[in-house]
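A.B. asks: The structure follows.
The values are calculated or read from the model by the stated rules, or taken from the named source; none is laboratory data. Remember, it's a predicted structure, so these values are computed and weren't measured experimentally. Cβ placement follows ideal geometry from the backbone for every residue including glycine, while neighbour counts extend to all protein chains displayed. Side chains are part of the model used for accessible areas, which takes the heavy atoms of the whole protein and leaves out ligands, DNA and RNA. Shrake-Rupley method; radii C 1.70, N 1.55, O 1.52, S 1.80 Å.
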Amino acid sequence: MADGGRRRAYIGSFTAAGGPGIVTATVAPDTGALKVLGGLNGVPDPSYLALSTDRGVLYAVSETAEGAVAAYRVTGDRPEPAGPPVAVDGNGPTHLAVHAGHVLTANYG
């Protein structure tokens, strides 16, 4: 995502395995090198992420037995929660997509 000419990368990780959750980094335009800005442990195991079409909201699955999707505003250096996580009525959501104003998940179960 470009923000004031700066490109961002958002990286999900498994908190159950010691990961920091969602990591935000800047991307150097000439080399592609990442510089970590910080992490956010908002939901457990945010393994898959997707940006809204306007790039103002980042969605993350919580790849857990209960399964949920969380939304974050991404206007600054750190994503900010846009509300509480929402259950996906399936376990182990592993993928998500944003389409026609809807967030869709694919679940293991």
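A.B. asks: Compute the accessible area per residue over the chain, keeping the other protein chains in place, probe 1.4 Å, unit Å².
C.D. replies: Values: 6020 Å² over 109 residues.
Solvent-accessible surface per residue comes out at 55 Å².
A.B. asks: Moving to a separate point now. Take the Cα coordinates of the chain, assign each an equal point scatterer, and use the Debye formula without solvent to give log10 I(q)/I(0) at q = 0.16, 0.21 Å⁻¹.
C.D. replies: Here log10 of I(q) over I(0) equals -0.68, -1.10.
A.B. asks: If you don't mind, there's one more thing I want to ask. What does the charge dipole of the chain about its Cα centre add up to, to the nearest 20 debye, if the Cβ of each Lys and Arg holds +1 and the Cβ of each Asp and Glu holds -1? Before the final figure, lay out the partial values.
C.D. replies: Details: 7 positive and 9 negative charges, 74 e Å.
Charge dipole, the chain, about its Cα centre: 360 debye, nearest 20.
A.B. asks: Once neighbouring chains are kept in place and the probe is 1.4 Å, which whole percent of the accessible area of the chain is contributed by carbon and sulfur?
C.D. replies: Working: 3270 of 6020 Å².
Heavy-atom surface of the chain belonging to carbon and sulfur, 1.4 Å probe: 54 percent.
A.B. asks: Taking every pair of Cα atoms in region 57-109, average 1/r, invert it to obtain the Kirkwood radius, and report Rg/Rh to two decimals. Walk me through the numbers on the way to the answer.
C.D. replies: Working: Rg = 11.2 Å, Rh = 11.3 Å.
Looking at region 57-109, the ratio lands at 0.99.
A.B. asks: What's the FRET efficiency of Phe14 with Leu104 using the Cβ-Cβ distance as r and R₀ = 25 Å, to the nearest 0.05? Numbers along the way, then the final one.
C.D. replies: On the way: r = 22 Å, r/R0 = 0.87.
My answer for the efficiency is 0.70.
A.B. asks: Any idea which of Ala82, Ala68, Leu96 is furthest toward the positive side of the dipole for the chain, if Lys and Arg beta-carbons carry +1 and Asp and Glu beta-carbons -1?
C.D. replies: Of the options given, the answer is Ala82.
A.B. asks: Hey, another quick one. Once phi is turned into θ = phi - 60°, what whole-Hz ³J(HN,Hα) does the Karplus curve with 6.51, -1.76 and 1.60 give for every residue of region 10-15, x standing for Gly and Pro?
C.D. replies: Result, ordered by residue: 10, 10, x, 8, 7, 5 Hz.
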